[in-house]
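Everything below concerns the one structure shown next.
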Amino acid sequence: MEEKKFDRNSIIGFVLIFLILLGIMYVNKPSGEIQSKAKKEQSEKEVNQKITEAQPAVSDTIAKDSLQLAKLKNTLGGFAYSATLPSAKNTTTTIENELVKLTFSNKGGYIVDATLKNFEAFKKGSGQLVKLIKDNNASLNIELKTQGNLVLNTKDLYFEPTLTKEGENQVLAMRLKASPTEFLEYRYVLKPSDYMMDFSVRSQGLSKVIQTSQALPLEWNMKTYRNEKSISYENRYAELIYEYEGGKDNDLGQSSKTEEVKEVTYVAFKQHFFTSILLTDTPFKTAELKSDNLVHDVEKDTIFTKSYKATLPLAFKGGEVNYNMNWYYGPADYKILTKYEKNLDEVIPLGWGIFGWINRWIFIPVYGFLSQFMAHGIAIIIFTILVRLAMSPVTYKSYLSQAKMKVLRPEINELNEKFKKDPMKKQQETMKLYNKAGVNPMAGCLPAVMQIPVFYALFQFFPSAIELRQKNFLWAEDLSSFDAVLSWKQHIPVVSSFYGNHVSLFPILAAIAIFFYMKMTTGDQQMAAPQQEGMPDMSKIMKMMIYISPLMMMIFFNNNASGLSLYYFISNTITIGIMLVIKNYIVNDEKIHAKIQENKTKEKPKSKFQQKMQDMMEQAQEQQKEKKASLEEKKSSRKK
């Protein structure tokens, strides 16, 4: 009985102990905050464990980067740092305004694409804009010599780009870094509505990285793309132009040439209607300039016109380089370039001396005014009429002189016959006749000489007028190029070289007009000018020129700007009309003859020039008589 009681009591005791333990556990269980803290500690413990596990991998990466940097220093010297940056890849950055779009490459830090937004390529309507730079046709490079005697080229190194804005200006800084605080920087600043960009080259803290004993050679290269319909005509006006020694300007011409020039302030890689210009505030002490002609066969060489190269030294000051420059990519437009007031108008070939003066102060303003109100073809016609009217007094004097000489022709022939054995006396009497009649034999030549500056100025003006580019008139699609009405693909060696593979109509019309003009005036000139003894027969020469001049014009102008041919066609036609009016309604041969006879009865004082000429002729005549007398005396003494 006692054992059963123990067993029951034992069971009751175990149950009570179990319940008490449950109660104690419930009372002492952790709160939610304590649980959260415990979980956080556990999480941190797991993260720290993961970091500890990953630490060997990070250490391996750092070790690898150190090895890579050490390896790069063997080839890049202090600029190995630049090759480890995220920018060390061949990506680009673009800045643009309303006129131009410029793209820069990290590799080299220079422009790899320059697009002019308002100009189409020579195939109008193609939608292709003019690109001065594309497909690696241009480069900018500075040769760097490191302290370890390595020779590096910036065109092969990677720059870090930073694009910001200063007001409305876009600023692109391209830095070739040796460390975060040591670098070579190209800084480009593009303003709104401007083809001119600020450009500077400066160094910071590189005196321990590169050698500074010699200037840095900045090398600018460009192969100029064809942008016009006729590559031969375009190439004629493509040349390297530079300014030196405080305002002087010169060019390398059309053939391949290299020159070394001192104190250079700008270098222009000119195409026909477009140009790329590098200017500096600090003149380059010496510059090596080179131009190569790339058009040797117009059938094969159809992509590029010229290859240009300029090597410009950047001098160190205080161990650093700091040059403020400008870069122009845009049209070779006289009005635009003149506004910069940096002598850039010399890039436009307007002619030297009086020829350039006529273009700058007369033709450009007048034509610019007319072209604002009318189509360019009509503007050329009105412009031509104004020029011919301005020159009509000269034309009148020229014809009047010819008419006077024509009236005197019979009397001059009598003097020639009378004194044919005494040329000196004949010349003396002829001059007396001119003086009595009030006729100046040079008056017919002077007007022609006076027209030469106008002729040459116009010959320079039309090929330089970018306003005519891709402007059509009648059958001419482009007044700045030839107006082909017939063309062929076959290349004829001799013909294609001089005439081309087409027939232009305006040169033919101009040749016809000049033929009739010369036909009309040559007869009067022959009648006016008597044949001088011992001189070539001018009448035969003039007859040949009637046919040779129109033929030469038709051939030479076939590849020229149709606007120029249009001018000469209208000009010669108007001149024919003016000459007809003068001949039939203004100048009267009978009145001229009467006036000459009246002048003969009057004593007219001689000019100093006429008096001097007469004295010289009389002196020569006396010397001739003395010489003749001396010869006769010698002959008589020999006979004795």
- Query: Which distance in nm do the two modelled labels at Lys418 and Trp475 give, with both placed 7 Å along the Cα-to-Cβ direction?
  - Reply: 5.8
- Item | Lys425 paired with Thr75, simple spin-label distance in nm, labels 7 Å along Cα-to-beta-carbon | 9.9
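Report the local net charge at Gln254: Lys and Arg +1, Asp and Glu -1, summed over other residues whose C-beta lies under 15 Å from its C-beta. Please list the in-between numbers first.
Details: positive: Arg236, Lys257, Lys270, Lys290, Lys306; negative: Glu234, Glu239, Asp251, Glu259, Asp292, Asp301.
With Lys, Arg at +1 and Asp, Glu at -1, the net is -1.
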- Message: I'd like the Kirkwood hydrodynamic radius of the stretch 335-485, using the inverse of the mean 1/r over distinct C-alpha pairs, in Å.
- Response: 19.1
- Message: Give me the net charge for the shell around Ser87: Cβ to Cβ below 13 angstrom, other residues only, Lys and Arg +1, Asp and Glu -1.
- Response: +3
- May I ask which of Lys285/Lys342; Lys131/Lys191; Lys248/Lys335; Lys309/Lys471; Lys397/Lys418 have a Cα-Cα span longer than 22 Å here? Lys309/Lys471; Lys397/Lys418
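Could you give the length gained on full extension between Asp301 and Asn324, defined as 0.36 nm per residue of separation minus the Cα-Cα distance, in nm? Present the calculation step by step, with values, prior to reporting the outcome.
Numbers: separation 23, 0.36 × 23 = 8.28 nm, distance 3.73 nm.
Result for the pair: 4.5 nm of gain on full extension.
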- Note on the structure: Given a Förster distance of 25 Å, the FRET efficiency implied by the Cβ-Cβ spacing of Arg409 and Met544, rounded to the nearest 0.05, works out to 0.70
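Using a Förster radius of 30 Å, what is the FRET efficiency between Tyr585 and Met374 based on their Cβ-Cβ separation? Nearest 0.05, please. Walk me through the intermediate numbers first.
Numbers: r = 31 Å, r/R0 = 1.02.
Once the sixth-power term is evaluated, E becomes 0.45.
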- Query: All other residues with a Cβ under 12 Å from the Cβ of Ile576 taken together, and with Lys, Arg as +1 and Asp, Glu as -1, what is their net charge?
  - Reply: +3
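For the stretch 108-248, what % of the accessible area comes from carbon and sulfur atoms, probe 1.4 Å?
On the way: 2510 of 5880 Å².
The nonpolar share, carbon plus sulfur, comes to 43 percent.
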- Item | Directionally averaged projected area (convex hull, Cα atoms, the stretch 71-119), nm² | 4.0
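The values are calculated or read from the model by the stated rules, or taken from the named source; none is laboratory data. Here the structure is a predicted model, which is why all the values come from computation and not from measurement. Positions of Cβ are generated from backbone atoms using ideal geometry, with glycine treated the same way; all protein chains shown enter the neighbour counts. Heavy atoms of the whole protein, side chains included, go into the accessibility calculation; ligands, DNA and RNA do not. Shrake-Rupley method; radii C 1.70, N 1.55, O 1.52, S 1.80 Å.
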